[in-house]
Amino acid sequence: MAIGVFDLFKVGIGPSSSHTVGPMRAAAVFVEELRTEGCLDRVASIKVDLYGSLAATGRGHGTMTAVLLGLEGYYPDLILPEEVESRLAVMAESGSIQLAGTKPLSYAVDDMILHPLTVLDRHTNGMKFAVSDEAGELLHEATFYSVGGGFIVREGEEDAALQELDETHRGLPLPFRTAAELLKHCSDRGLRFSEVMLINELDTLKADGVQRSEEEVRAGLKHIWSVMEGCVESSLHREGLLPGGLKVRRRAPDWHDRLLKEDKDRDPKYWQEWVNLIALAVNEENASGGRVVTAPTNGAAGIIPAVLYYALNYAPGMENASQEDKDDVVVRFLLAAGAVGVLYKEQASISGAEVGCQGEVGSASSMAAAGLAEVMGGSPAQVENAAEIAMEHNLGLTCDPIGGLVQVPCIERNAIAAAKAINATKMALWGDGEHRVSLDEVIVTMRETGKDMSNKYKETAMGGLAVNVVEC
Ligand code: SF4
(Lines give C-alpha, C1' and ligand atoms only; values in the text may rest on other atoms or scores of the structure.)
Protein backbone atom coordinates (compact mmCIF):
# COMPACT_ATOMS: atom_id res chain seq x y z
CA MET A 1 0.00 0.00 0.00
CA ALA A 2 1.21 3.53 -0.70
CA ILE A 3 1.61 5.71 2.40
CA GLY A 4 -1.62 7.62 2.90
CA VAL A 5 -2.76 10.36 5.22
CA PHE A 6 -4.44 7.83 7.55
CA ASP A 7 -1.16 5.93 7.90
CA LEU A 8 0.47 9.08 9.21
CA PHE A 9 -2.41 10.13 11.45
CA LYS A 10 -3.50 7.05 13.37
CA VAL A 11 -5.49 6.80 16.56
CA GLY A 12 -3.48 5.00 19.22
CA ILE A 13 -2.43 5.13 22.84
CA GLY A 14 0.54 6.73 24.58
CA PRO A 15 3.30 7.10 25.29
CA SER A 16 5.21 6.08 22.15
CA SER A 17 4.26 5.12 18.61
CA SER A 18 7.47 3.16 18.02
CA HIS A 19 7.75 1.70 21.54
CA THR A 20 4.08 1.25 22.49
CA VAL A 21 1.83 1.30 19.41
CA GLY A 22 4.20 -0.68 17.11
CA PRO A 23 5.04 -3.44 19.63
CA MET A 24 1.37 -3.87 20.59
CA ARG A 25 0.42 -4.20 16.95
CA ALA A 26 3.31 -6.64 16.29
CA ALA A 27 2.26 -8.85 19.21
CA ALA A 28 -1.38 -8.78 18.05
CA VAL A 29 -0.36 -9.71 14.50
CA PHE A 30 1.75 -12.59 15.88
CA VAL A 31 -1.23 -13.87 17.83
CA GLU A 32 -3.39 -13.67 14.70
CA GLU A 33 -0.79 -15.80 12.95
CA LEU A 34 -1.15 -18.44 15.70
CA ARG A 35 -4.84 -18.64 14.87
CA THR A 36 -4.22 -18.81 11.14
CA GLU A 37 -1.56 -21.48 11.59
CA GLY A 38 -4.00 -23.45 13.74
CA CYS A 39 -1.54 -23.86 16.63
CA LEU A 40 -3.07 -21.54 19.22
CA ASP A 41 -4.63 -24.39 21.26
CA ARG A 42 -1.32 -26.23 21.58
CA VAL A 43 0.66 -23.26 22.93
CA ALA A 44 2.11 -24.02 26.37
CA SER A 45 4.78 -21.32 26.64
CA ILE A 46 5.86 -18.10 25.01
CA LYS A 47 9.20 -16.32 24.68
CA VAL A 48 9.54 -12.63 23.83
CA ASP A 49 12.92 -11.01 23.13
CA LEU A 50 13.27 -7.24 22.81
CA TYR A 51 16.31 -5.69 21.16
CA GLY A 52 18.11 -2.35 20.89
CA SER A 53 16.14 0.75 21.76
CA LEU A 54 13.02 -1.25 22.68
CA ALA A 55 15.04 -3.02 25.38
CA ALA A 56 16.92 0.12 26.44
CA THR A 57 13.92 2.40 26.97
CA GLY A 58 11.06 -0.08 26.83
CA ARG A 59 10.18 0.20 30.51
CA GLY A 60 9.73 3.97 30.37
CA HIS A 61 7.85 3.75 27.09
CA GLY A 62 5.41 1.05 28.19
CA THR A 63 6.75 -1.42 25.61
CA MET A 64 6.47 -4.51 27.78
CA THR A 65 2.91 -3.87 28.87
CA ALA A 66 1.98 -2.98 25.28
CA VAL A 67 3.35 -6.36 24.16
CA LEU A 68 1.29 -8.13 26.83
CA LEU A 69 -1.86 -6.37 25.62
CA GLY A 70 -1.01 -7.22 22.01
CA LEU A 71 -0.57 -10.88 22.99
CA GLU A 72 -4.09 -10.76 24.38
CA GLY A 73 -5.22 -9.64 20.92
CA TYR A 74 -5.71 -5.93 21.57
CA TYR A 75 -4.89 -3.38 18.87
CA PRO A 76 -3.77 0.16 19.77
CA ASP A 77 -6.45 1.91 17.72
CA LEU A 78 -9.28 -0.09 19.26
CA ILE A 79 -8.38 -0.52 22.92
CA LEU A 80 -9.78 2.10 25.29
CA PRO A 81 -7.49 3.74 27.87
CA GLU A 82 -9.76 2.35 30.65
CA GLU A 83 -9.35 -1.16 29.24
CA VAL A 84 -5.57 -0.74 29.28
CA GLU A 85 -5.62 0.06 32.98
CA SER A 86 -8.03 -2.70 33.95
CA ARG A 87 -6.35 -5.45 31.90
CA LEU A 88 -2.88 -4.51 33.14
CA ALA A 89 -4.10 -4.61 36.74
CA VAL A 90 -5.53 -8.13 36.22
CA MET A 91 -2.31 -9.31 34.53
CA ALA A 92 -0.12 -7.87 37.29
CA GLU A 93 -2.18 -9.57 39.96
CA SER A 94 -2.45 -12.96 38.25
CA GLY A 95 1.01 -13.08 36.63
CA SER A 96 -0.68 -14.40 33.51
CA ILE A 97 -2.21 -13.31 30.20
CA GLN A 98 -5.10 -14.53 28.08
CA LEU A 99 -3.29 -15.38 24.85
CA ALA A 100 -5.45 -14.18 21.91
CA GLY A 101 -8.08 -13.33 24.54
CA THR A 102 -8.88 -16.99 25.12
CA LYS A 103 -5.96 -19.07 26.35
CA PRO A 104 -4.58 -18.51 29.87
CA LEU A 105 -0.80 -18.51 29.92
CA SER A 106 1.55 -17.79 32.78
CA TYR A 107 3.55 -14.80 31.50
CA ALA A 108 4.52 -11.38 32.89
CA VAL A 109 6.62 -8.32 32.08
CA ASP A 110 9.66 -9.72 33.89
CA ASP A 111 9.64 -12.81 31.68
CA MET A 112 10.62 -10.73 28.65
CA ILE A 113 14.27 -11.01 27.68
CA LEU A 114 15.99 -7.69 27.05
CA HIS A 115 18.98 -7.16 24.74
CA PRO A 116 19.66 -3.40 24.92
CA LEU A 117 23.11 -3.67 23.35
CA THR A 118 22.08 -5.92 20.47
CA VAL A 119 20.70 -4.28 17.36
CA LEU A 120 19.12 -6.58 14.77
CA ASP A 121 20.02 -5.99 11.13
CA ARG A 122 16.89 -4.27 9.91
CA HIS A 123 16.22 -1.71 12.68
CA THR A 124 17.11 -0.94 16.28
CA ASN A 125 13.51 -1.60 17.44
CA GLY A 126 13.47 -5.38 17.04
CA MET A 127 11.18 -8.00 18.65
CA LYS A 128 11.17 -11.80 18.45
CA PHE A 129 8.19 -13.90 19.45
CA ALA A 130 8.25 -17.70 19.78
CA VAL A 131 5.73 -20.20 21.15
CA SER A 132 6.24 -23.85 22.08
CA ASP A 133 4.02 -26.77 23.03
CA GLU A 134 4.02 -28.90 26.22
CA ALA A 135 7.00 -30.91 25.00
CA GLY A 136 8.97 -27.69 24.38
CA GLU A 137 8.72 -28.07 20.61
CA LEU A 138 8.69 -24.79 18.68
CA LEU A 139 5.28 -24.15 17.14
CA HIS A 140 5.73 -20.74 15.57
CA GLU A 141 8.14 -17.80 15.67
CA ALA A 142 8.42 -14.40 14.06
CA THR A 143 10.58 -11.27 14.15
CA PHE A 144 9.11 -7.79 13.82
CA TYR A 145 10.54 -4.29 13.67
CA SER A 146 8.79 -1.18 14.89
CA VAL A 147 10.04 1.38 12.39
CA GLY A 148 8.46 4.56 13.78
CA GLY A 149 5.02 6.16 13.80
CA GLY A 150 3.37 2.84 14.74
CA PHE A 151 4.47 1.21 11.45
CA ILE A 152 5.73 -2.38 11.78
CA VAL A 153 7.64 -4.62 9.38
CA ARG A 154 7.73 -8.41 9.67
CA GLU A 155 11.05 -10.05 8.92
CA GLY A 156 10.91 -11.99 5.69
CA GLU A 157 8.20 -9.79 4.29
CA GLU A 158 10.26 -6.60 3.79
CA ASP A 159 10.84 -7.23 0.09
CA ALA A 160 7.19 -8.11 -0.57
CA ALA A 161 6.07 -5.05 1.40
CA LEU A 162 8.49 -2.82 -0.48
CA GLN A 163 7.36 -4.28 -3.78
CA GLU A 164 3.72 -3.75 -2.87
CA LEU A 165 4.51 -0.20 -1.77
CA ASP A 166 6.33 0.38 -5.01
CA GLU A 167 3.51 -1.03 -7.13
CA THR A 168 0.76 0.93 -5.41
CA HIS A 169 2.98 4.00 -5.43
CA ARG A 170 3.47 3.70 -9.18
CA GLY A 171 -0.25 3.09 -9.58
CA LEU A 172 -1.20 6.36 -7.88
CA PRO A 173 -2.56 9.06 -10.16
CA LEU A 174 0.00 11.58 -8.87
CA PRO A 175 2.90 9.59 -7.39
CA PHE A 176 5.60 11.50 -5.52
CA ARG A 177 8.50 10.61 -3.28
CA THR A 178 10.29 13.94 -3.32
CA ALA A 179 9.20 17.53 -2.85
CA ALA A 180 10.41 18.24 -6.40
CA GLU A 181 7.95 15.64 -7.76
CA LEU A 182 5.16 16.98 -5.56
CA LEU A 183 5.82 20.55 -6.71
CA LYS A 184 5.85 19.40 -10.33
CA HIS A 185 2.38 17.88 -10.00
CA CYS A 186 1.24 21.17 -8.49
CA SER A 187 2.68 23.29 -11.29
CA ASP A 188 1.66 20.92 -14.11
CA ARG A 189 -1.95 20.73 -12.95
CA GLY A 190 -2.47 23.94 -11.03
CA LEU A 191 -3.00 22.01 -7.80
CA ARG A 192 -2.16 22.63 -4.14
CA PHE A 193 -0.37 20.14 -1.85
CA SER A 194 -3.66 19.16 -0.22
CA GLU A 195 -5.31 18.55 -3.59
CA VAL A 196 -2.51 16.26 -4.81
CA MET A 197 -2.75 14.29 -1.56
CA LEU A 198 -6.54 14.08 -1.83
CA ILE A 199 -6.44 12.81 -5.42
CA ASN A 200 -4.03 10.05 -4.38
CA GLU A 201 -6.03 9.31 -1.25
CA LEU A 202 -9.18 8.72 -3.32
CA ASP A 203 -7.24 6.20 -5.32
CA THR A 204 -5.79 4.34 -2.32
CA LEU A 205 -7.39 1.06 -1.40
CA LYS A 206 -8.24 0.39 2.24
CA ALA A 207 -6.91 -2.78 3.81
CA ASP A 208 -10.22 -4.49 2.89
CA GLY A 209 -9.82 -3.49 -0.75
CA VAL A 210 -12.50 -0.76 -0.72
CA GLN A 211 -11.83 2.63 -2.22
CA ARG A 212 -12.58 5.80 -0.23
CA SER A 213 -14.94 8.46 -1.48
CA GLU A 214 -14.10 12.13 -0.96
CA GLU A 215 -16.80 12.26 1.71
CA GLU A 216 -15.17 9.36 3.56
CA VAL A 217 -11.75 11.01 3.42
CA ARG A 218 -13.19 14.27 4.75
CA ALA A 219 -15.13 12.46 7.48
CA GLY A 220 -12.04 10.46 8.43
CA LEU A 221 -9.91 13.58 8.76
CA LYS A 222 -12.58 15.37 10.80
CA HIS A 223 -12.65 12.31 13.05
CA ILE A 224 -8.86 12.53 13.47
CA TRP A 225 -9.24 16.17 14.55
CA SER A 226 -12.05 15.26 16.95
CA VAL A 227 -9.79 12.64 18.59
CA MET A 228 -7.06 15.29 18.91
CA GLU A 229 -9.59 17.65 20.54
CA GLY A 230 -10.81 14.85 22.83
CA CYS A 231 -7.22 14.18 23.88
CA VAL A 232 -6.79 17.85 24.91
CA GLU A 233 -10.13 17.86 26.71
CA SER A 234 -9.28 14.73 28.69
CA SER A 235 -5.84 16.08 29.61
CA LEU A 236 -7.25 19.36 30.94
CA HIS A 237 -9.18 17.40 33.55
CA ARG A 238 -6.33 15.25 34.84
CA GLU A 239 -4.14 16.73 37.54
CA GLY A 240 -1.14 15.54 39.54
CA LEU A 241 2.07 13.78 38.57
CA LEU A 242 2.71 11.91 35.36
CA PRO A 243 3.42 8.19 35.78
CA GLY A 244 6.94 6.78 35.71
CA GLY A 245 8.55 8.14 38.87
CA LEU A 246 10.15 11.26 37.37
CA LYS A 247 7.73 13.42 39.38
CA VAL A 248 6.83 15.58 36.40
CA ARG A 249 3.70 17.56 37.23
CA ARG A 250 0.94 18.03 34.71
CA ARG A 251 0.85 21.74 33.85
CA ALA A 252 -1.97 21.89 31.31
CA PRO A 253 -4.93 22.02 33.78
CA ASP A 254 -3.43 24.97 35.73
CA TRP A 255 -2.43 26.82 32.60
CA HIS A 256 -5.93 26.36 31.23
CA ASP A 257 -7.52 27.80 34.37
CA ARG A 258 -5.15 30.74 34.27
CA LEU A 259 -5.84 31.41 30.59
CA LEU A 260 -9.59 31.27 31.14
CA LYS A 261 -9.19 34.00 33.76
CA GLU A 262 -6.61 36.17 32.01
CA ASP A 263 -7.87 35.89 28.46
CA LYS A 264 -11.66 36.00 28.77
CA ASP A 265 -12.07 37.93 25.50
CA ARG A 266 -9.72 35.76 23.51
CA ASP A 267 -7.24 38.54 22.84
CA PRO A 268 -4.96 37.54 19.91
CA LYS A 269 -1.95 38.58 21.98
CA TYR A 270 -2.40 35.31 23.93
CA TRP A 271 -2.09 33.05 20.88
CA GLN A 272 1.28 31.71 21.98
CA GLU A 273 -0.03 30.69 25.41
CA TRP A 274 -2.95 28.80 23.85
CA VAL A 275 -0.66 27.04 21.38
CA ASN A 276 1.66 26.06 24.25
CA LEU A 277 -1.31 24.79 26.21
CA ILE A 278 -2.57 22.52 23.41
CA ALA A 279 0.89 21.02 22.85
CA LEU A 280 1.42 20.42 26.56
CA ALA A 281 -2.05 18.95 27.04
CA VAL A 282 -1.62 16.43 24.20
CA ASN A 283 1.82 15.36 25.32
CA GLU A 284 0.89 15.07 28.97
CA GLU A 285 -1.99 12.84 27.94
CA ASN A 286 0.38 10.83 25.78
CA ALA A 287 2.88 10.50 28.64
CA SER A 288 0.17 9.00 30.81
CA GLY A 289 -0.84 6.38 28.25
CA GLY A 290 -3.99 8.17 27.07
CA ARG A 291 -5.70 8.15 23.67
CA VAL A 292 -3.72 10.21 21.11
CA VAL A 293 -3.27 10.53 17.37
CA THR A 294 0.23 9.69 16.12
CA ALA A 295 1.15 12.81 14.18
CA PRO A 296 3.34 11.37 12.77
CA THR A 297 4.56 9.81 16.07
CA ASN A 298 3.33 9.85 19.66
CA GLY A 299 6.33 11.70 21.08
CA ALA A 300 5.63 14.52 18.63
CA ALA A 301 1.84 14.22 18.81
CA GLY A 302 1.21 17.71 20.23
CA ILE A 303 2.71 19.80 17.43
CA ILE A 304 0.15 19.32 14.67
CA PRO A 305 -2.90 19.77 16.99
CA ALA A 306 -1.34 22.93 18.45
CA VAL A 307 -0.63 24.46 15.04
CA LEU A 308 -4.02 23.40 13.68
CA TYR A 309 -5.60 25.06 16.73
CA TYR A 310 -3.69 28.22 15.78
CA ALA A 311 -4.97 27.94 12.19
CA LEU A 312 -8.58 27.63 13.36
CA ASN A 313 -8.45 30.40 15.94
CA TYR A 314 -5.80 32.91 14.99
CA ALA A 315 -5.15 32.70 11.24
CA PRO A 316 -6.39 35.84 9.43
CA GLY A 317 -9.99 35.53 8.24
CA MET A 318 -11.00 32.86 10.78
CA GLU A 319 -12.72 35.29 13.18
CA ASN A 320 -16.15 34.75 11.64
CA ALA A 321 -15.57 31.40 9.99
CA SER A 322 -18.56 29.04 9.70
CA GLN A 323 -18.36 25.42 10.86
CA GLU A 324 -18.13 24.40 7.22
CA ASP A 325 -15.12 26.71 6.70
CA LYS A 326 -13.46 25.32 9.82
CA ASP A 327 -14.00 21.74 8.66
CA ASP A 328 -12.44 22.68 5.36
CA VAL A 329 -9.39 24.11 7.14
CA VAL A 330 -9.01 20.88 9.15
CA VAL A 331 -9.18 18.74 6.01
CA ARG A 332 -6.81 20.85 3.91
CA PHE A 333 -4.35 21.30 6.80
CA LEU A 334 -4.09 17.57 7.48
CA LEU A 335 -3.83 16.65 3.80
CA ALA A 336 -1.00 19.14 3.18
CA ALA A 337 0.78 18.09 6.38
CA GLY A 338 0.29 14.46 5.31
CA ALA A 339 1.85 15.15 1.89
CA VAL A 340 5.00 16.41 3.63
CA GLY A 341 4.89 13.44 6.02
CA VAL A 342 5.04 11.12 2.98
CA LEU A 343 8.30 12.84 1.96
CA TYR A 344 9.89 12.10 5.34
CA LYS A 345 8.73 8.48 5.31
CA GLU A 346 9.93 7.99 1.74
CA GLN A 347 13.31 9.73 1.93
CA ALA A 348 14.37 9.63 5.58
CA SER A 349 12.70 8.39 8.76
CA ILE A 350 10.24 9.49 11.42
CA SER A 351 11.79 7.18 14.04
CA GLY A 352 13.67 8.75 16.96
CA ALA A 353 15.46 5.42 17.42
CA GLU A 354 16.75 5.65 13.85
CA VAL A 355 17.57 9.36 13.33
CA GLY A 356 17.03 11.08 16.70
CA CYS A 357 14.38 13.59 17.64
CA GLN A 358 14.84 15.53 14.39
CA GLY A 359 12.92 12.65 12.77
CA GLU A 360 10.02 12.92 15.21
CA VAL A 361 9.66 16.49 16.39
CA GLY A 362 11.45 17.89 13.32
CA SER A 363 9.18 16.04 10.88
CA ALA A 364 6.05 17.01 12.82
CA SER A 365 7.10 20.66 12.91
CA SER A 366 7.76 20.61 9.18
CA MET A 367 4.42 18.92 8.45
CA ALA A 368 2.61 21.43 10.67
CA ALA A 369 4.28 24.37 8.93
CA ALA A 370 3.15 22.99 5.57
CA GLY A 371 -0.42 22.54 6.81
CA LEU A 372 -0.56 26.07 8.18
CA ALA A 373 0.99 27.65 5.08
CA GLU A 374 -1.54 25.77 2.94
CA VAL A 375 -4.61 27.00 4.81
CA MET A 376 -3.20 30.53 5.08
CA GLY A 377 -3.21 30.71 1.29
CA GLY A 378 0.45 29.95 0.53
CA SER A 379 1.42 28.90 -2.98
CA PRO A 380 2.91 25.39 -3.31
CA ALA A 381 6.40 26.96 -3.36
CA GLN A 382 5.64 28.82 -0.13
CA VAL A 383 4.22 25.68 1.49
CA GLU A 384 7.37 23.77 0.55
CA ASN A 385 9.46 26.68 1.89
CA ALA A 386 7.58 26.65 5.22
CA ALA A 387 8.18 22.91 5.62
CA GLU A 388 11.84 23.38 4.73
CA ILE A 389 12.43 26.21 7.23
CA ALA A 390 10.81 24.24 10.05
CA MET A 391 13.01 21.18 9.46
CA GLU A 392 16.19 23.14 8.77
CA HIS A 393 16.10 24.50 12.29
CA ASN A 394 15.44 21.14 13.89
CA LEU A 395 18.41 19.43 12.22
CA GLY A 396 20.62 17.58 14.67
CA LEU A 397 17.98 17.39 17.38
CA THR A 398 18.87 14.40 19.57
CA CYS A 399 16.61 12.00 21.44
CA ASP A 400 17.69 11.72 25.08
CA PRO A 401 14.55 11.29 27.20
CA ILE A 402 15.24 11.25 30.93
CA GLY A 403 14.51 7.84 32.43
CA GLY A 404 13.46 6.66 28.96
CA LEU A 405 10.11 8.36 29.62
CA VAL A 406 8.40 10.44 26.93
CA GLN A 407 8.26 13.44 29.26
CA VAL A 408 11.48 15.47 29.47
CA PRO A 409 12.41 16.98 27.04
CA CYS A 410 9.53 15.70 24.90
CA ILE A 411 6.55 17.60 26.34
CA GLU A 412 7.98 21.12 26.24
CA ARG A 413 9.77 20.34 23.00
CA ASN A 414 6.40 19.96 21.27
CA ALA A 415 5.36 23.48 22.31
CA ILE A 416 8.66 24.93 21.10
CA ALA A 417 8.41 23.06 17.80
CA ALA A 418 4.82 24.27 17.28
CA ALA A 419 6.03 27.86 17.66
CA LYS A 420 8.84 27.12 15.21
CA ALA A 421 6.32 25.79 12.71
CA ILE A 422 4.18 28.94 12.99
CA ASN A 423 7.22 31.18 12.59
CA ALA A 424 8.45 29.12 9.63
CA THR A 425 5.07 29.62 7.96
CA LYS A 426 5.10 33.35 8.62
CA MET A 427 8.59 33.64 7.14
CA ALA A 428 7.64 31.60 4.09
CA LEU A 429 4.46 33.61 3.49
CA TRP A 430 6.42 36.86 3.58
CA GLY A 431 8.64 35.49 0.83
CA ASP A 432 7.74 34.61 -2.74
CA GLY A 433 8.58 30.90 -2.52
CA GLU A 434 12.12 31.40 -3.86
CA HIS A 435 14.69 30.03 -1.41
CA ARG A 436 18.23 28.72 -1.26
CA VAL A 437 17.80 25.31 0.44
CA SER A 438 15.16 22.96 -0.94
CA LEU A 439 12.95 20.76 1.23
CA ASP A 440 14.47 17.69 -0.42
CA GLU A 441 17.98 18.85 0.48
CA VAL A 442 16.99 19.37 4.08
CA ILE A 443 15.28 15.94 4.28
CA VAL A 444 18.38 14.20 2.91
CA THR A 445 20.50 16.20 5.38
CA MET A 446 18.26 15.02 8.23
CA ARG A 447 18.68 11.40 7.10
CA GLU A 448 22.49 11.72 6.83
CA THR A 449 22.75 13.56 10.16
CA GLY A 450 20.72 10.75 11.73
CA LYS A 451 23.10 8.15 10.31
CA ASP A 452 26.09 9.99 11.78
CA MET A 453 24.45 10.53 15.17
CA SER A 454 25.78 8.43 18.03
CA ASN A 455 23.39 5.72 19.22
CA LYS A 456 23.50 7.41 22.63
CA TYR A 457 21.16 10.03 21.16
CA LYS A 458 18.71 7.72 19.44
CA GLU A 459 16.08 6.79 22.00
CA THR A 460 18.41 4.73 24.17
CA ALA A 461 18.46 7.11 27.18
CA MET A 462 22.23 6.59 27.30
CA GLY A 463 23.36 10.16 26.62
CA GLY A 464 22.46 13.85 26.86
CA LEU A 465 19.80 14.88 29.35
CA ALA A 466 19.14 11.23 30.17
CA VAL A 467 22.54 10.91 31.84
CA ASN A 468 23.20 14.49 32.95
CA VAL A 469 19.99 15.06 34.85
CA VAL A 470 19.64 13.30 38.16
CA GLU A 471 16.40 11.31 38.36
CA CYS A 472 14.85 11.75 41.75
S1 SF4 B 1 13.22 13.23 22.72
FE2 SF4 B 1 11.99 13.42 20.84
S3 SF4 B 1 12.28 11.48 19.73
FE4 SF4 B 1 12.97 11.17 21.84
S5 SF4 B 1 11.19 10.28 22.91
FE6 SF4 B 1 11.14 12.53 23.20
S7 SF4 B 1 9.87 13.33 21.50
FE8 SF4 B 1 10.42 11.21 20.97
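Some notes on this structure:
- Computed from Cα atoms, the angle from the helix 158-171 axis to the main principal axis of the chain rounds to 30 degrees.
- Note on the stretch 16-158: with charges restricted to the Cβ of Lys and Arg (+1) and Asp and Glu (-1), its dipole about the Cα centre is near 280 debye.
- FRET efficiency for the ARG266 to LYS426 pair, using the beta carbon distance and R₀ = 25 Å, is estimated at 0.80.
- For the stretch 216-230 versus the stretch 373-392, the gap between their alpha-carbon centres in whole angstrom: 23
- Whole-angstrom gap from the stretch 304-360 to the stretch 250-286, using each part's C-alpha centre: 19
- Between GLU346 and LYS103, the modelled labels are 4.2 nm apart [label points 7 Å from Cα along Cα→Cβ].
- Per-residue surface analysis assigns MET462 an accessible area of about 80 Å², computed on protein heavy atoms at 1.4 Å probe radius.
- Between CYS39 and GLU93, the FRET efficiency estimated from the beta carbon spacing at R0 = 25 angstrom works out to 0.30.
- Prolate/oblate/rounded call for the stretch 196-355, Cα gyration tensor, a/c under 1.5 rounded: oblate
- Shape of the stretch 16-158, Cα gyration tensor, a/c cut at 1.5: rounded
- Between ASP203 and GLU157, the contour length at 0.36 nm per residue exceeds the Cα-Cα span by 14.1 nm.
- Per residue, in Å², the accessible surface of the stretch 355-428 once ligands and nucleic acids are set aside, probe 1.4 Å: 22
- Measuring nothing but how far apart in sequence close Cα pairs (under 8 Å, 6+ apart) lie, relative to its length, the chain scores a relative contact order of 18 percent.
- Backbone N under 13 Å from the GLU448 label point (7 Å along Cα→Cβ), restricted to the stretch 318-345: none
- Applying 1/(1 + (r/R0)^6) with R0 = 22 Å to the Cβ-Cβ distance of GLU85 and ASP254 gives a FRET efficiency near 0.35.
- Ranking by accessible area, most exposed first, for LYS426, LYS264 with a 1.4 Å probe: LYS264, LYS426
- Put the Cα centre of the stretch 1-58 next to the Cα centre of the stretch 64-120 and the gap is 11 Å.
- Stokes-Einstein D in µm²/s, Kirkwood radius over Cα pairs - the chain at 37 °C with 0.692 mPa s viscosity: 146
- Protein accessible area in the stretch 16-158, 1.4 Å probe - carbon and sulfur %: 48
- Positive dipole terminus of the stretch 16-158, leading residue within VAL90, GLY149, LEU40 (C-beta point charges): GLY149
- On Cα atoms only, tilt of 439-452 relative to the major axis of the chain in degrees: 30
- For the stretch 174-457, the Cβ-based charge dipole about the Cα centre amounts to some 720 debye (Lys, Arg positive; Asp, Glu negative; other atoms uncharged).
- Dipole of the chain, positive direction: furthest Cα of ALA287, GLN272, ALA100, with charges on the beta-carbon: GLN272
- From its DSSP helices (H runs of at least four residues, each -39,500 (n - 2.57)), the chain gives a residue-normalised ellipticity at 222 nm of -16500 deg cm²/dmol.
- Angle in degrees between helix 81-94 and the longest Cα principal axis of the chain, rounded to the nearest 10: 20
- For the chain, share of DSSP beta bridges that run antiparallel, in % to the nearest 5: 85
- Listed residue (ALA461, SER366, MET391) projecting farthest to the positive dipole end of the stretch 352-472, Cβ model: ALA461
The values are calculated or read from the model by the stated rules, or taken from the named source; none is laboratory data. The structure presented is a predicted model; accordingly, all values stated were derived computationally and were not measured. All Cβ positions, glycine included, derive from the backbone under ideal geometry; neighbour counts span all protein chains shown. Side chains are part of the model used for accessible areas, which takes the heavy atoms of the whole protein and leaves out ligands, DNA and RNA. Shrake-Rupley method; radii C 1.70, N 1.55, O 1.52, S 1.80 Å.
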